[in-house]
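**Q** Would you mind keeping the following structure in view while I ask a few things?
Only the coordinates and a few stated rules stand behind these numbers; no lab work does. Values in this document were obtained by computation on a predicted structure and should not be read as measured data. Ideal geometry is used to build each Cβ from the backbone, glycine not excepted, and the neighbour counts take in all protein chains shown.
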């Protein structure tokens, strides 16, 4: 049994009073009744004095007890009202100073947690915190989108979560190694991601933090920047050589007038033709290397494709709801160049003009354009390379068209993907079954689909 301080003081006062009354019983010649009455009076006086003296102590100790209980429960909003000028008053004042400091620290920590949660939840990186039992303790919004789970993934087993992971992510996470890995999506361009790992102890339990970062756009930007630098160097050197060659060609033609030789005229004509071809080549790559920042404006779809239809034959398929009111947001000149390049490739694929089609669909946040043909398609192992400058599947191609398309789309913060049409989709008007070219990896005579996704607003 715990005895309070006030109880102990009460007992001490009563014992001292009783000890002080002992001589009265031995030395004073009083009757027993007188002695008892005197004893009662002395004890009553002692109890009254002790009660008066202990009143402040009891009040101060009670205030400290309540304050410490609140502190134990994490409640820092209340202060002690005991402010008398004694030692207990000083203790209560020190307690109030401490509780004010703790209140400030708690508020600062709360604001810091809110800021940290805001940063992690709005981060485009996928964040997963997993304990040593393989249970997800924390995840952000990007992680829920990544695993296509929108009802929360905290508390779930990581192994079960990987069943919904994109192809390639499950192997990378299971391997538990930092570095780059690729994600392969159906009807989309392959994506490159980077995974970082962090291990630490939390509440005496080992935890692992997975950070998955989208690197496709950044790597693409750096790749294009390197290609642009190479193109600028090549263009500069070629221009430095073409100038003197053109000047010498002109001088040679003047001198050849004094010589009656037909072969010289053919030689000079050939040189002039190759100089013009090389100049056009350099100008084309120079255009790719100096593409300006797009000036995005709303464009009326019907007007844009009506103008394109004057140059290229294609079947336009628009959404059934209000096709005349559809708009997309892009730079007019760059979007026209993009569509010209895609339609040009479709017509040069070996497809019949009537089999080239453009399909447009819109969501709340994006515009999706698909350019389809019924040509030979592209070998599967070349699909990831056709967007790189200088790479071409055509014998006389420059490898510039699709690279310029990707640069325009990246500048608009969009995406481009290429994939062969399914062999289960026969060409229109063709009743023969389609066959798969096992050597090239392409679907013979089924064509190619180029899917462009542009944000609806910027």
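**Q** Work out, step by step, the length gained on full extension between residue 250 and residue 47: first 0.36 nm times the residue separation, then minus their alpha carbon distance; give nm to one decimal.
**A** So the extension gain works out to 60.2 nm.
**Q** Separation between the residue 117 and residue 59 pseudo-spin-labels, each 7 Å from Cα along Cα→Cβ, expressed in nm?
**A** Distance between the two pseudo-spin positions: 4.2 nm.
**Q** Additional query: Ranking request for peptides 25-35, 326-336: highest mean number of other beta-carbon atoms within 10 Å first, then the rest in descending order.
**A** 326-336, 25-35
**Q** For the range 123-214, what relative contact order do you get, as a whole percent, if you take Cα pairs closer than 8 Å and at least 6 residues apart?
**A** The value is 29 percent.
**Q** Could you list the residues of the range 116-132 with an amide nitrogen less than 17 Å from a label point located 7 Å from the Cα of residue 157 in the Cα-to-C-beta direction?
**A** 130-132
**Q** Moving on. Specify whether the C-alpha gyration tensor of the range 5-110 places it in the rounded, prolate or oblate class, a ≥ b ≥ c being the square roots of the eigenvalues: rounded for a/c under 1.5, otherwise prolate if a/b is larger than b/c and oblate if not.
**A** Prolate shape, in that a/c is at least 1.5 and a/b is the bigger ratio.
**Q** Note the full-extension length gain between residue 177 and residue 27 as 0.36 nm times their separation in residues minus their Cα-Cα distance, in nm to one decimal.
**A** This chain segment gains 44.4 nm when fully extended.
**Q** May I ask you to compute the full-extension gain from residue 199 to residue 320, defined as 0.36 nm times their residue separation minus their alpha-carbon distance, rounded to one decimal in nm?
**A** Length gained between residue 199 and residue 320: 38.2 nm.
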